[in-house]
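Inspection log for the structure reproduced underneath, given as structure tokens.
The values are calculated or read from the model by the stated rules, or taken from the named source; none is laboratory data. Note that this is a predicted model, so its numbers are computed, not measured. Cβ placement follows ideal geometry from the backbone for every residue including glycine, while neighbour counts extend to all protein chains displayed. These accessible areas exclude ligands, DNA and RNA; they are computed on the full protein's heavy atoms, side chains included. Shrake-Rupley method; radii C 1.70, N 1.55, O 1.52, S 1.80 Å.
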Amino acid sequence: MEKQATINLEQQFQDRVDQDIRIEPKDWMPEKYRQTLIRQISQHAHSEIVGMLPEGNWITRAPSLRRKATLIAKVQDEAGHGLYLYSAAETLGISRAEMIDQLHTGKAKYSSIFNYPTLTWADIGAIGWLVDGAAIMNQVPLCRTSYGPYARAMVRICKEESFHQRQGFEILLTLSRGTEAQKAMCQDAINRWWWPSIMMFGPADDASPHTAQSMKWKIKRFTNDELRQKFVDICAEQVKILGMELPDPELKWNAERGHYDFGKINWEEFWQVISGNGPCNKERIAARVKAHEEGAWVREAAISFANKRAQKQRPAVA
Amino acid sequence: MKTFIQIQRYGDYGDREPVKAEGATQNQADWPLWEVFIRSKMGLDHKHVGSLHAADAQMAIENARDVYTRRQEGISIWVVESKYIHASNPDEAASFYDPANDKVYRHPTFYDLPDELKAM
């Protein structure tokens, strides 16, 4: 009897998803759907927050006031994006404190790209063009994802994200028209960021066990490989404007497929970085934990202040 | 009957906790959750845009400014603690909205009028 009731609810849920009716926080949903969303949205939020660190590294050393102001604005946007996403995840019944704890203890993952270091100013350009470019490619379809609060957060994020990519490309364009040293710096940054960027779409479809279910629930709208191919096709053209090269000797237009062919991805590196052995994993988490711990007194003071003020405002009882 | 299904609800953050004694103060370190409503320009309604954590109303408004209006998206902000939001139950939607189902005569197109009739 109870099992039958659950099956009916699951069928009704799937029917709604199939009709493109959004699922909202108060609606019944399969437990697995909730868990998948919590994992995906919180990972996404963590990525935004950790993503501030490699870029924050260059705020004090930006080459001009204009570059500095835009970089600050961009990093501030990333914080905002993290907050939109944490709020969306909280509607699924997980608390903010729990999510932060999962990040700090390594239980929750974040995008492996942020475990690479930003060695030169050109890296800020490459991150904007490639990393934000890949993020946009992933995020645009998520504006139509089946869970309402997540879709709404993504709409807001996508609106803001396009300035990020454009400012990055502008940095690279400037360097690509500069001195020989600047050109070399530009190419070097592209060389280092290209492969990690195309890994951002996640494992190949045949190694991605959750894809089929996520597609059925319309959490995902395209597979990892579909989005990766789209990204490669676009970047292969854009790089020509920079007069630079993508570091892939096998990158070649395939007229038959109507797409660029590209070389084999080093998945060993991908899994190594995800499992904590990237160049900056420890540094990133240590920086987050430090910020959280050193901010503890601020959070406590704010609560005490609010409580004190609430006490004062309460009319005295005779 | 459906007690075996765990339903988490948006507005339930407050409903699930025991009602606080009058004047009781918060002691948990986590800032409460607030819902944010923004008027994008004069003449339009405030619209729900999302939520955030803050220690008190003033901080919630200031955080809402930083989180939701970085590009001049608003000229007025309302915040309300999420626990004070009460919501209708989607499980009862069919019966709850039933009274309006058979009243098409509430719409202007219900009425048969000649085409020559203008300006109506």
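Residues in the range B:50-87 that are in a strand (DSSP E or B), facing another protein chain (nearest Cβ under 9 Å) and not aliphatic (A, V, I, L, M): how many?
3
Of the numbered conditions (1) open to solvent by 10 Å² or more (accessible area, probe 1.4 Å); (2) of a type in the set (Asp, Glu); (3) touching a residue at least 24 places away in the same chain (Cβ under 8 Å), A:Glu180 satisfies every one except a single condition; which is it?
(3)
Say whether the condition of being over 27 Å from B:Ala87 (Cα atoms), more than 14 Å from every other protein chain (Cβ to nearest Cβ) and open to solvent by 20 Å² or more (accessible area, probe 1.4 Å) is met by at least one residue in the range A:80-101.
no
With the requirement that a residue be without any contact (Cβ under 8 Å) to a residue 60 or more places away in the chain and either part of a loop (DSSP other than H, G, I, E, B) or within 14 Å of chain B (Cβ to nearest Cβ) (or both), what does the range A:132-160 give you?
A:Cys143, A:Met154, A:Val155, A:Cys158, A:Lys159
Quick check on the range B:43-54. Is at least one of its residues charged (D, E, K, R) and at pLDDT below 95?
Taking every residue of the range B:43-54 in turn, none turns out to be charged (D, E, K, R) and at pLDDT below 95.
How many residues are part of a helix (DSSP H, G or I) and either within 9 Å of another protein chain (Cβ to nearest Cβ) or under 17 Å from B:Glu92 (Cβ atoms) (or both) if we restrict to the range A:14-31?
2
Let me confirm something: among A:Lys240, A:Lys220, which residue is outside any helix (DSSP H, G or I) and either surrounded by fewer than 17 Cβ atoms within 10 Å (Cβ to Cβ) or out of contact with any Asp or Glu (no Cβ under 7 Å at 6 or more places or on another chain) (or both)?
A:Lys220
Among the residues of the range A:281-314, which ones are open to solvent by 100 Å² or more (accessible area, probe 1.4 Å) and within 14 Å of chain B (Cβ to nearest Cβ)?
A:Glu293, A:Trp297, A:Glu300, A:Phe305, A:Lys308, A:Lys312, A:Gln313
Condition first: open to solvent by 80 Å² or more (accessible area, probe 1.4 Å), assigned to a loop (DSSP other than H, G, I, E, B) and at pLDDT 90 or above. Now tell me which residues in the range B:89-118 satisfy that.
Answer for the range B:89-118, where residues must be open to solvent by 80 Å² or more (accessible area, probe 1.4 Å), assigned to a loop (DSSP other than H, G, I, E, B) and at pLDDT 90 or above: B:Tyr97, B:Asp102, B:His107, B:Tyr111, B:Asp112, B:Leu113, B:Asp115, B:Glu116, B:Lys118.
Which ones in the range A:262-280 are exposed (fewer than 15 other Cβ atoms within 10 Å of the Cβ) and touching a Leu at 6+ places or on another chain (Cβ under 9 Å)?
Residue satisfying the conditions is A:Gly263 alone.
Can you tell me which of (1) within 14 Å of chain B (Cβ to nearest Cβ); (2) more than 30 Å from B:Ala57 (Cα to Cα) is the one A:Ser275 doesn't meet?
(1)
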